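Below is one structure, written out as structure tokens, with a few remarks after it.
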Amino acid sequence: AKAAKRAFALEWRTISSREGQHFYSIVVEKVRPRWWYIALASCSDHALAMSYELLVQNPMQGINLQLSMDEIGIVLVCFMTFLGFAGVSLVHLKSFHRWSLRRGDAPRGTTLLSASLLFATLGHLLWLSYFRSYRDTGEPSLLISSLARSSVVAARTSLQILLMFLARGDVVCRCGLAWGRQKEMLLGMIIFGLLGLALEFWGDREAAGSPIEYMYDTRPGVALIAIEVLWFYAFVSRSYETWSNETRLRPRLFYRRFALALSLWFLTLPAVAALASLLAPWVRFRIVFAVNGLTHILSSM
């Protein structure tokens with residue numbers, strides 16, 4: 001066995017005993033130990049069947065010793081994003097209740113916004129539970145991570161659908177949401193959300209083998225970024241068309257004041273992908289996670 005340019009002889013008689021064989025090696029190279037790869041190979045001429053368990057830790061990271069270097073501090077990030085979404089959800093519910101008391105009924109668009117906030121809050125609560133358990137036990141839960149990813153993608157997709165409705169004038173220029181007239185957009189958004197979720201699952205699986213390449217640097221990731229830019233163009237062009245055709249003052253003021261700011265949501269994915277390509281792999285995950293959560297919170301306010 002070799003570790004940090006040192007070699008250790010592995011004696012089969014010792015390895016096969018109940019106690020096994022242990023060795024300890026200190027890394028003294030002038031290289032930061034970011035990722036280590038462990039492989040077992042038999043040099044004998046006959047087949048060898050054996051079972052083993054590997055536990056790799058970062059003991060100098062205290063309570064985060066079970067996490068890899070790119071995940072150090074992720075529990076705090078998850079906690080802060082969960083608090084952010086919970087706070088925005090609470091403010092939204094209070095506003096919804098006050099509006100209902102004064103006018104008897106709230107705008108239909110609040111349903112989509114409420115769904116987006118609910119999914120986002122649930123998703124980041126699941127991420128918090130996932131990383132806390134992972135930090136404490138070293139055993140990741142595939143079910144919790146899958147539910148967390150699905151919830152966050154559902155939240156982002158619901159928010160984008162609401163924005164496209166606003167671009168067409170629904171809620172602002174006329175009451176309610178014209179679901180029947182937006183079938184193509186709804187289908188496109190659902191497919192886009194499912195493709196994004198599939199890319200995240202694929203990227204998570206690939207990261208287990210090599211965390212160097214970011215998933216949006218791949219060809220499928222670049223294709224999804226291009227589609228998101230097309231959604232940005234569709235939102236801007238439809239908002240401008242609605243503003244041009246509207247004659248009432250208040251709806252025109254809404255699009256003049258808020259359309260440009262709301263359109264920035266569609267540029268968060270390309271911006272975050274560009275930021276991720278500039279970051280070193282050993283800090284990329286937690287920074288991208290925090291930026292995604294922060295931009296989502298700001299867009300939901």
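The values are calculated or read from the model by the stated rules, or taken from the named source; none is laboratory data. Because the structure is a prediction, the values reported are computed rather than measured. Note: ideal-geometry Cβ built from the backbone for every residue, glycine included; neighbour counts use all protein chains shown. These area figures cover heavy atoms from the full protein model, side chains too; ligands, DNA and RNA do not enter into them. Shrake-Rupley method; radii C 1.70, N 1.55, O 1.52, S 1.80 Å.
Considering (1) within 20 Å of the chain's Cα centre (by Cα); (2) open to solvent by 30 Å² or more (accessible area, probe 1.4 Å), the lone condition that I161 does not fulfil carries the number (2).
If only one of E241, E228 is over 15 Å from R168 (Cβ atoms), in a helix (DSSP H, G or I) and among the charged types (D, E, K, R), which one is it?
Values: E241 fails: over 15 Å from R168 (Cβ atoms).
Of the residues listed, the single one that is over 15 Å from R168 (Cβ atoms), in a helix (DSSP H, G or I) and among the charged types (D, E, K, R) is E228.
Of the residues making up region 208-224, those that are modelled with pLDDT of 85 or more and buried (at least 18 other Cβ atoms within 10 Å of the Cβ) are G221, L224.
Applying the selection to region 81-96, what residues are under 14 Å from G123 (Cα atoms) and surrounded by fewer than 16 Cβ atoms within 10 Å (Cβ to Cβ)? Quick ask: steps written out before the conclusion?
If we filter region 81-96 for residues that are under 14 Å from G123 (Cα atoms), which is where we start, we get 81-86, 89.
Listed by number, the residues that qualify are L83, A86.
Among the residues making up region 256-287, those that are over 30 Å from W243 (Cβ atoms) and touching a residue at least 24 places away in the same chain (Cβ under 8 Å) are A276, S277, P281, W282, V283, R284, F285, R286. The residue that is least open to solvent (accessible area, probe 1.4 Å), among those in region 255-294 that are modelled with pLDDT under 90 and of a type in the set (S, T, Y), is Y255.
Say we look at region 236-254 and pick out the residues that are of a type in the set (S, T, N, Q) and open to solvent by 30 Å² or more (accessible area, probe 1.4 Å); which of these is modelled with the lowest pLDDT?
Taking region 236-254 first, the residues of a type in the set (S, T, N, Q) are 237, 239, 242, 244-245, 247.
Filter once more, so that each one left must be open to solvent by 30 Å² or more (accessible area, probe 1.4 Å): 237, 244-245, 247.
Working: S237: 93, S244: 89, N245: 87, T247: 83.
For region 236-254, the residue satisfying everything is T247.
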